[in-house]
Amino acid sequence: MENNLFNRLVSRLSCCGNVGADVWHALLVGLDDGQKQELARKAQELSRSIFGNRVYVRALIEISSYCRNNCFYCGLRCGNNVAQRYRLSRRQILECCREGAALGFNTFVLQGGEDPQQDDEWLAGVVSAIKAEYPDKAVTLSVGERSRGGYALLRSAGADRYLLRHETADNGHYRLLHPPIMSAENRQRCLGDLKEFGYQVGAGMMVGSPGQTVEHLVKDLMFLDELKPQMIGIGPFIPAAGTPFAGEPSGSVETTLLLISLLRLRFPSALIPATTAVATLCSDGTQRAVLAGANVVMPNLTPPAYREKYAIYDNKKSSGSESAKQLQVLGCKLEEIGYCIDYSRGDYKT
Ligand code: SAM
Ligand code: SF4
């Protein structure tokens, strides 16, 4: 597109009012390579002006590969007969936290399938135990759709943040990705409840999920504009064995990076991770995501014996810079691009 128009559209991202669908659409499909680079440069500059050259780290503990849901894209879906299942005990999770604390982490992210055995009461007990031992550290949960009462209980147990990607803001696309028992409406109800209870909330979507169009992405961006989440997680879709979408192509890393830059420019203070999915598809994906405006990395602290069993998609990376025990590898990668690790809690600041 013409450069004057490009500059005008980019400046719309820092306006208070809504960004129209036409603006998002043009920025998603109308930029040439030079403009994409310029956009990434602006996003990086903005990110540096707020966070400096620092990237927050969160220790990711994958607490269960059992899931009652059957999302068509996910390797943990209950209908996946080739999935390997495990669940961590409370003792194992606390052991992971101790290991993470010794490594210097100040946020623990407990993520898992919707495992009926890890119900609200059980999880609240685990969160309380972590907070009793580490009152100053943040606990983030990413354990799917729960009742309003469940979210309230977990919040009162001490959970600080909750990651629940909205996945897609388009109802028809949502139905294409999920069985009829699941709905975009309930997902969004959950996000509303989480906000109301004072969690720092993370939403987001896969990029290039089957059936996704540019119009869907525009709807996603407009949905995020309404929700104003504190954290925004996006990553490319990657096919998973044993799912109906096993033969589908992966989403685009380039589009993911473009979206990270757009999101940074629209939500300057947001916590935006360089996701494992980007690192899985591209060996320098973490660096490229940071250079596009991401400011969080979530190294994996799941006990090695279970890591391969948490196969949400094929060939998921969990070693090297993706491993919590090898933080120095991540540190070197960040150093190569002029960044360093920030070990602090990294709460959302307005
Ligand atoms: N069960 C919880 C939930 O659904 O929110 C948390 C775990 S779930 C595995 C975390 C995220 O993984 C999902 O929100 C989804 O966006 C992502 N995911 C699942 N399958 C994926 C795939 N095949 N490719 C990329 N991301 C995927
Ligand atoms: Fe379960 Fe989450 Fe995977 Fe859906 S995306 S099958 S809810 S783990």
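Computed quantities for the displayed model
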| item | result |
| --- | --- |
| Close pairs (8 angstrom Cβ cut-off, 6 or more residues apart or separate chains): over 14 Å from V57 (Cβ atoms) and more than 16 Å from ligand 1 (Cβ to nearest atom) in the range 87-116, open to solvent by less than 40 Å² (accessible area, probe 1.4 Å) and among the polar types (S, T, N, Q) anywhere | C96/T302 |
| Some residue of the range 320-327 being within 29 Å of I93 (Cα to Cα) and either at pLDDT 95 or above or within 16 Å of ligand 1 (Cβ to nearest atom) (or both) | yes |
| Pairs with Cβ under 8 Å, 6+ apart, first in the range 176-197 and on the phi < 0 side of the Ramachandran plot, second basic (K, R) and in a loop (DSSP other than H, G, I, E, B) | C190/R146 |
| Residue within the range 74-92 that is in contact with a helix residue (DSSP H, G or I) (Cβ under 6 Å, 6 or more places away or on another chain), closer than 21 Å to S142 by Cβ and surrounded by 13 or more Cβ atoms within 10 Å (Cβ to Cβ) present | yes |
| Pair list, Cβ under 7 Å, 6 or more apart: the range 62-75 residue within 21 Å of K317 (Cα to Cα), other residue more than 9 Å from ligand 1 (Cβ to nearest atom) and assigned to a strand (DSSP E or B) | I63/R87; I63/L110; S64/R87; Y66/R87 |
| Residues satisfying the stated conditions in the range 329-350, i.e. in contact with a helix residue (DSSP H, G or I) (Cβ under 9 Å, 6 or more places away or on another chain), part of a helix (DSSP H, G or I) and open to solvent by 40 Å² or more (accessible area, probe 1.4 Å) | V329, C332, K333, E336 |
| Selected residue (criterion: nearest to ligand 2 (Cβ to nearest atom)) from residues of the range 111-154 that are among the charged types (D, E, K, R) and farther than 18 Å from Q188 by Cα | D115 |
| Residues of the range 318-328 satisfying the condition of being without any contact (Cβ under 8 Å) to a residue 60 or more places away in the chain and either touching a strand residue (DSSP E or B) at 6+ places or on another chain (Cβ under 6 Å) or part of a helix (DSSP H, G or I) (or both) | S318, G320, S321, E322, S323, Q326, Q328 |
| Matching entry among S209, S128 (being buried (at least 16 other Cβ atoms within 10 Å of the Cβ), out of contact with any helix residue (DSSP H, G or I) (no Cβ under 8 Å at 6 or more places or on another chain), small (G, A, S) and modelled with pLDDT of 95 or more) | S128 |
| Whichever residue in the range 6-30 is touching a residue at least 24 places away in the same chain (Cβ under 8 Å) and farther than 13 Å from L265 by Cα and, among such residues, is least open to solvent (accessible area, probe 1.4 Å) | F6 |
| Of residues in the range 313-328 being in contact with a Pro (Cβ under 7 Å, 6 or more places away or on another chain) and within 29 Å of T243 (Cα to Cα), the one surrounded by the most Cβ atoms within 10 Å (Cβ to Cβ) | Y313 |
| Members of the range 161-200 found to be among the basic types (K, R) and open to solvent by less than 60 Å² (accessible area, probe 1.4 Å), listed by number | R161, R187 |
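The values are calculated or read from the model by the stated rules, or taken from the named source; none is laboratory data. These numbers were taken from a predicted model, which means no experiment stands behind them. Note: ideal-geometry Cβ built from the backbone for every residue, glycine included; neighbour counts use all protein chains shown. Surface areas here come from the heavy atoms of the whole protein model, side chains and all, with no ligands, DNA or RNA. Shrake-Rupley method; radii C 1.70, N 1.55, O 1.52, S 1.80 Å.
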